[in-house]
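Peer 1: Dumping the structure here so I can ask a few things about it.
The values are calculated or read from the model by the stated rules, or taken from the named source; none is laboratory data. From a predicted model like this one, the values you see are computed outputs, not experimental measurements. For neighbour counting, all protein chains shown are included, and Cβ atoms are generated from backbone atoms with ideal geometry for every residue, glycine included.
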Amino acid sequence: MNATLCDAIRNRKIVKFHYDYDRGMRTVEPYLYGVSKAGNDVLRGYQTGGYSVSGDVPFWKLFQLDAVSALNVDTESFTGDRHDYNASDSAMTQVYCCVGSRRFRRDEHAPRGGQHSDGSPSTTGRLVPH
């Protein structure tokens, strides 16, 4: 687990980094840090600026941490109140830290149900305190 990244999430500090050897720094509001279904450490963040291969900025993105380099925590803060933020991100099986709560993990054996922020039904286990 990356303690620097969890501190940035807890304190709502913007992070900047290079991703997958791309040509420039990315500016990202970090929201969720955990483990993907494939077993990789990942960051769900809202990229607000900097380089993007897809050109989709600003936009929510999922970053594999093994492809992140030169991670820096900025002094600038973000509010953490994006209306489409979903702390129950279905791309993650475990959450180390996230905006707006303490540490959680996904309980795949928990009762199904609930809704995503877009109103669609949730089909994965819910997050429970770790």
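Peer 1: Can you tell me which residues in the stretch 4-45 are in contact with a Gly (Cβ under 8 Å, 6 or more places away or on another chain), within 17 Å of SER77 (Cα to Cα) and of a type in the set (Asp, Glu)?
Peer 2: GLU29
Peer 1: Continuing with this model, one more query. Does TYR33 qualify as being closer than 19 Å to PHE59 by Cβ, of a type in the set (Phe, Trp, Tyr) and either touching a helix residue (DSSP H, G or I) at 6+ places or on another chain (Cβ under 7 Å) or assigned to a loop (DSSP other than H, G, I, E, B) (or both)?
Peer 2: In short, yes.
Results for (1) modelled with pLDDT under 95; (2) within 16 Å of the chain's Cα centre (by Cα); (3) more than 15 Å from MET25 (Cα to Cα); (4) surrounded by 11 or more Cβ atoms within 10 Å (Cβ to Cβ), shown as yes or no for each residue.
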site: VAL35; (1), (2), (3), (4): no, yes, yes, yes
site: LEU43; (1), (2), (3), (4): no, yes, yes, yes
site: TYR46; (1), (2), (3), (4): no, yes, no, yes
site: GLY50; (1), (2), (3), (4): yes, no, no, yes
site: VAL53; (1), (2), (3), (4): yes, no, no, no
site: ASP56; (1), (2), (3), (4): yes, no, no, no
site: ALA67; (1), (2), (3), (4): yes, yes, no, yes
site: THR79; (1), (2), (3), (4): yes, yes, yes, no
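Peer 1: Another question, then. Tell me, which strands (runs of 3 or more DSSP E) lie completely within the stretch 48-103 with 2 or more residues that are among the polar types (S, T, N, Q)?
Peer 2: Details: elements: 59-64, 68-77, 92-98.
Those strands (runs of 3 or more DSSP E) span 68-77, 92-98.
Peer 1: Would you check if GLU29 is crowded, with 20+ Cβ neighbours inside 10 Å and charged (D, E, K, R)?
Peer 2: Here the answer is yes, as GLU29 does meet what is asked.
Peer 1: Please count how many residues of the stretch 12-25 are in contact (Cβ under 8 Å) with a residue 40 or more places away in the chain, surrounded by 12 or more Cβ atoms within 10 Å (Cβ to Cβ) and not in a strand (DSSP E or B).
Peer 2: Residues flagged as in contact (Cβ under 8 Å) with a residue 40 or more places away in the chain, surrounded by 12 or more Cβ atoms within 10 Å (Cβ to Cβ) and not in a strand (DSSP E or B) within the stretch 12-25 amount to 2.
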